[in-house]
1. Name all residues of segment 24-40 having a backbone nitrogen under 15 Å from the label point set 7 Å from the Cα of Thr56 along its Cα→Cβ direction, giving them as ranges.
2. So if we plug the beta-carbon distance of Ala145 and Ala116 into 1/(1 + (r/R0)^6) with R0 = 25 Å, what FRET efficiency do we get, rounded to 0.05?
3. In nm, to one decimal, how far is the modelled label at Gln131 from the one at Leu93, with both set 7 Å along Cα→Cβ?
4. Among Ile63, Ile130, rank each residue by its count of other Cβ atoms within 10 Å, from fewest to most, as a rough exposure measure.
5. Summing Lys, Arg as +1 and Asp, Glu as -1, what charge do residues with Cβ under 15 Å from the Cβ of Val117 carry, Val117 excluded?
6. Return the calculated 222 nm mean residue ellipticity for the chain, to the nearest 500 deg cm²/dmol, obtained by summing -39500 (n - 2.57) across DSSP H runs with n ≥ 4 and dividing by the residue count.
7. Report the residue, chosen from Leu113, Leu85, Leu135, that carries the largest GNM mean-square fluctuation when the chain is represented by alpha-carbon nodes joined by springs under 10 Å.
8. With springs only between Cα atoms under 10 Å, which of Gly67, Gly121, Gly91 fluctuates most in a Gaussian network model of the chain?
Amino acid sequence: MTSIKVAVLTGSDSDLPTISAAVKTLEKFDVPCEIRVLSAHRTPGQTMQYVKDAETRGAQVFICSAGMAAHLAGVVAAHTTRPVLGVPMGGGLMGGLDALLSTVQMPPGVPVLTTAVGKAGATNAALGAIQILALNDSALAERFAAYKQAMTQTVLEKDTRLQETGLDDY
């Protein structure tokens, strides 16, 4: 039984190219995670069992991606007291608006922290999970602070380039 900190669930294998951004981000920060394809509608019993199993193996945060009705994050949130981050998938109605609304509109008492639709949302879900875990892990907090500083430096370098060369290089 492998110990994990973050459990990533996706409702369909068609979403793997998008949600893999979350796994890759977690791996860059050396956060133990795993990813599973489980459905709120097609495998409800297995999904519920997985949540309990992941908790016993140390999962502190769940990241759930789904499209269309996007009930996976809500189902997971109904079966855990750990933070659940929902990543709506694109496609469907208006490029994922249906999934966004399904993920964000949870009833009181069943919180799902919801990110942007798609790959940006998957990356931000992983970064959010890292921030949650970093509250009790000073080494992870330092890695996250270094990441933020590197991001700041990259933007400042791009601005310097723009100021020196103008728009001709773009």
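1. none
2. 0.65
3. Between Gln131 and Leu93, the label points sit 2.9 nm apart.
4. The most exposed by this proxy come first: Ile130, Ile63.
5. Surrounding charge for Val117 is -1.
6. -16000 deg cm²/dmol
7. The residue with the greatest mean-square fluctuation here is Leu135.
8. Maximum fluctuation in the GNM of the chain, among the listed residues, is at Gly91.
The numbers here are math on the coordinates, done by the rules we state, and not lab data. Everything quoted here is computed from the prediction, not taken from an experiment. Note that we place each Cβ from the backbone using ideal geometry, even for glycine, and neighbour counts take in every protein chain shown.
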